[in-house]
Amino acid sequence: MVSCCERSGVRDQTLSNLALTDWNVPVDVVLDDEAGTDRLERIGRTWRNAVQRAAEGDAEVTLLLEDDLDFNRYLSKNLSRWAPLRGIDGNQPFFGSLYNPGLYAVHGNAGGQYAMMLPGACWGAQALLVSRAMARYLLRSWNEEGGEPDLRMPRLAGRLVPVYYHRPSLVEHVGHVSTWGGRQHQSVDFDRDFMP
């Protein structure tokens, strides 16, 4: 989870919300190092640090979270049954999102509960799934794309693989104040009780 010291209350609520689901994996919180006054640069560095932990970790696929979320009650069960994740191991590139703020899908599969998105039109990093191989690729290629991490990561990932979004969204953005000044947004299809 990416966060900062000043958002400890929001982060605690999100961790409480996650505890109400079937998720049973410990959450590693990556905090802003607060070095420097450029907030956008610090946010980018914090995301890069989170991706580095995914690249160096033991998990085949890592769920990268923002700190202001609510969750589907069956998060783990839904992910274990999600068609795009079947057979993925840490050595294969994979990139997906569990949050859709209303992005345009280039292909959808209702039965598989996913949509493939146009990487250059993706934004939002509320809940991203990246394989270990993808995390390593993102780190190697980080400076080849510009923009904030929520724009940069899907653009880089889209060079290698489709960018998948879960249908319906399994997380909801509950934040009202952006850390960097962006507008308020929510999912178009969050379903707290969804289970296929």
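Could you identify which residue out of Gly112, Gly120, Gly87 has the top mean-square fluctuation in a GNM of the chain using Cα springs shorter than 10 Å?
Looking only at Gly112, Gly120, Gly87, the biggest GNM fluctuation is shown by Gly87.
With springs only between Cα atoms under 10 Å, which of Arg132, Arg42, Arg159 fluctuates most in a Gaussian network model of the chain?
In the Gaussian network model the winner is Arg159.
Pop a pseudo-label 7 angstrom from the Cα along the beta-carbon direction at both Gln52 and Leu40 and give the gap in nm to one decimal.
Between Gln52 and Leu40, the label points sit 2.2 nm apart.
Charges at C-beta only: +1 for Lys and Arg, -1 for Asp and Glu. How large is the resulting dipole of segment 110-196 about its Cα centre, in Debye rounded to 20? Numbers along the way, then the final one.
Numbers: 9 positive and 8 negative charges, 72 e Å.
Here segment 110-196 has a charge dipole of around 340 debye.
Taking only Cα atoms and a 10 Å spring cutoff, compute GNM fluctuations for the chain and point out the largest among Val29, Val171, Val51.
Judging by the Gaussian network model, the answer is Val29.
Assuming R0 = 25 Å, can you tell me the calculated FRET efficiency for the pair Ser16 and His185, based on Cβ-Cβ distance, to the nearest 0.05?
Details: r = 22 Å, r/R0 = 0.89.
Approximately 0.65, to the nearest 0.05.
Between Gln92 and Arg192, what is the spin-label point distance in nm, taking each point 7 Å from the Cα along the Cα→C-beta axis?
3.4 nm
Of the labelled options [x] 47, 35, 32; [y] 57, 37, 32; [z] 50, 48, 27, which one gives Cα extents along the principal axes in Å as computed for this structure?
Answer by label: [x].
Taking the Cα centre of the chain as origin, work out the dipole magnitude from +1 charges on Lys and Arg Cβ and -1 charges on Asp and Glu Cβ, in debye rounded to 20. Present the calculation step by step, with values, prior to reporting the outcome.
Values: 20 positive and 25 negative charges, 119 e Å.
The calculated dipole for the chain is roughly 580 debye.
For Asp28 and Tyr104, compute 0.36 nm times the residue count separating them, minus their Cα-Cα distance, and round to one decimal in nm.
On the way: separation 76, 0.36 × 76 = 27.36 nm, distance 3.13 nm.
Gain on stretching Asp28 to Tyr104: 24.2 nm.
No lab work stands behind these numbers, since they all come straight from the coordinates. These figures come from a predicted structure and were not determined experimentally. Cβ sites come from the backbone with ideal geometry, for glycine too, and all protein chains shown count toward neighbours.
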